[in-house]
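First comes the structure, then the notes that go with it.
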Amino acid sequence: MSHIHVDRKVLEAGAVYRNLLVASTGLVPDEPTVVTTGCGVEAPYAQTSIRPESVTCLPCREHAAAEHLRYADQVSRLARMTGSVVSAEEAGEAARWARETAAKFAG
Ligand SMILES: [Zn+2]
């Protein structure tokens, strides 16, 4: 049985990022058919997941955990920028979600 990986850009594949992008730019990104995974191989999009409970590839889990922690820091910084489209409350929520998701991937 083949592993389930994460998209290298795991956060851009996720609903939170997509919604943020749609809200701020009005663009709806297409879902790719083939993606580069967190462990560096190309895999069909269908063989990837953004749900921690579904990802079975260990390097991908580690990648996803690191990416979510990085995202939590980024979104916290973003909220402090003048004219940010993200409110402090939204950013706090997104950062909390990202840290919780990182913990699930790391666990
Ligand atoms: Zn992988």
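Annotation note: of Glu62, Glu42, Glu53, the sole residue that is under 12 Å from His5 (Cα atoms), surrounded by fewer than 12 Cβ atoms within 10 Å (Cβ to Cβ), at pLDDT 85 or above and within 15 Å of the chain's Cα centre (by Cα) is Glu53. Being within 13 Å of the ligand (Cβ to nearest atom) and more than 20 Å from Ala94 (Cα to Cα) is the requirement here; does Val41 meet it? It is true that Val41 is within 13 Å of the ligand (Cβ to nearest atom) and more than 20 Å from Ala94 (Cα to Cα). The C-beta contact set for region 38-55 (first residue without any contact (Cβ under 8 Å) to a residue 12 or more places away in the chain, second residue within 11 Å of the ligand (Cβ to nearest atom) and polar (S, T, N, Q), distance under 9 angstrom, 6+ apart or interchain) comprises Glu42/Thr36. Residues in region 90-107 that are within 21 Å of Thr25 (Cβ to Cβ) and either among the acidic types (Asp, Glu) or not in a helix (DSSP H, G or I) (or both): Glu90, Glu93. Given the criteria at pLDDT below 85 and assigned to a helix (DSSP H, G or I), does Leu78 qualify? Judged against the criteria, Leu78 is a match.
The values are calculated or read from the model by the stated rules, or taken from the named source; none is laboratory data. Quantities reported herein were computed from a predicted structural model and do not represent experimental measurements. All Cβ positions, glycine included, derive from the backbone under ideal geometry; neighbour counts span all protein chains shown.
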